[in-house]
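Report on the structure given below.
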Amino acid sequence: MVTLKDAKEVSETINKTFNPVLISVFGSIAREGIGNDLDLLVVLDDKASPIDNADLLIHKCLKDFYRKFAIDPFVIPLSVFREHYLNGSPFLSLILKEGRLLYMKDAVKEWMKQAKDEFNMAKYLFDGGFYKGVCFHSQQAIEKTLKAMLLDKGWELEKIHSIKRLISLSEEFKIKINISEEDMVFIDGIYRGRYPAEAGLLPLGEPTDADAKRALNIAEKILQ
């Protein structure tokens, strides 16, 4: 049987050899932590280095692991990955949805870049009066900032959206976050209104300009 620990060891070996963009495990190991074989998505930066013999090179670097268990690495250039994902590839969408990220190049930098983009979108939407969008993107800016800070401390990425959960994890990693409990509850509550059917679940119905301004201010404070 193959475990998640085995998947991480294989990922480290591939990373040392190729310096990939990302490595993700999918299938039974991603879902249950154990399986009969190891299914991996390996995305390589084809602009940074030639990858004509990537499949052969990966096979060679994983020889020691093949003696222990079966590995099925799906190797794809970043340019092809982007093209097929943006065109709605069901296979890639499923991997990204259900898979488990083992490695991402410049993870902290990328998460912080996305956090700033989310914040800028929130500000732009506020000027247009789209307050639900402001609340959503403000929450996303906070979530991604917290994840970047946690990853910088060695945290293993989880697919979670709860700010309360991320703040709790931050405390475990000795990261001081300037946010009150009231603001935590507010952000988690306002975020749930991102779908039309959930609008009625918001404490005060649709977000107001005051709600949007509060969400924006909390996001700015966390980013700073």
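The values are calculated or read from the model by the stated rules, or taken from the named source; none is laboratory data. Note that the coordinates shown come from a computational prediction; the quantities given were computed from them, not determined experimentally. Heads up, the Cβs are rebuilt from the backbone with ideal geometry, glycines too, and the neighbour counts pull from every protein chain shown.
Here Gly193 clears all of (1) within 24 Å of the chain's Cα centre (by Cα); (2) at pLDDT 80 or above except the condition numbered (2). Once the range 92-147 is narrowed to residues that are hydroxyl-bearing (Ser, Thr, Tyr) and touching a residue at least 60 places away in the same chain (Cβ under 8 Å), the residue that is farthest from Leu166 (Cα to Cα) is Tyr131.
Condition first: assigned by TED's automatic domain parsing to the domain that holds Pro207, under 11 Å from the mean Cα position of the chain (by Cα) and among the polar types (S, T, N, Q). Can you find one or more residues in the range 112-130 that meet it?
Within the range 112-130, the first condition is being assigned by TED's automatic domain parsing to the domain that holds Pro207, and the residues that meet it are 112-130.
Going one step further and asking which of them are under 11 Å from the mean Cα position of the chain (by Cα), we end up with 114.
Of the ones still in play, those that are also among the polar types (S, T, N, Q) are 114.
Scanning the range 112-130, I find at least one residue that is assigned by TED's automatic domain parsing to the domain that holds Pro207, under 11 Å from the mean Cα position of the chain (by Cα) and among the polar types (S, T, N, Q), so the answer is yes.
Specify which of the listed residues (Asp45, Asp6, Asp117) is touching a Leu at 6+ places or on another chain (Cβ under 6 Å) and surrounded by 13 or more Cβ atoms within 10 Å (Cβ to Cβ). Result: Asp45 is the single residue among Asp45, Asp6, Asp117 that is touching a Leu at 6+ places or on another chain (Cβ under 6 Å) and surrounded by 13 or more Cβ atoms within 10 Å (Cβ to Cβ). Of the residues making up the range 18-31, those that are at negative phi and out of contact with any Lys or Arg (no Cβ under 9 Å at 6 or more places or on another chain) number 3.
Scan the range 107-148 residue by residue and report those that are out of contact with any helix residue (DSSP H, G or I) (no Cβ under 6 Å at 6 or more places or on another chain) and closer than 24 Å to Ala30 by Cα. Scanning the range 107-148 gives Glu110, Glu143.
Answer yes if at least one residue in the range 18-34 is over 20 Å from Leu157 (Cβ atoms) and loosely packed, with under 15 Cβ neighbours inside 10 Å, and no otherwise. The answer is no; no qualifying residue exists.
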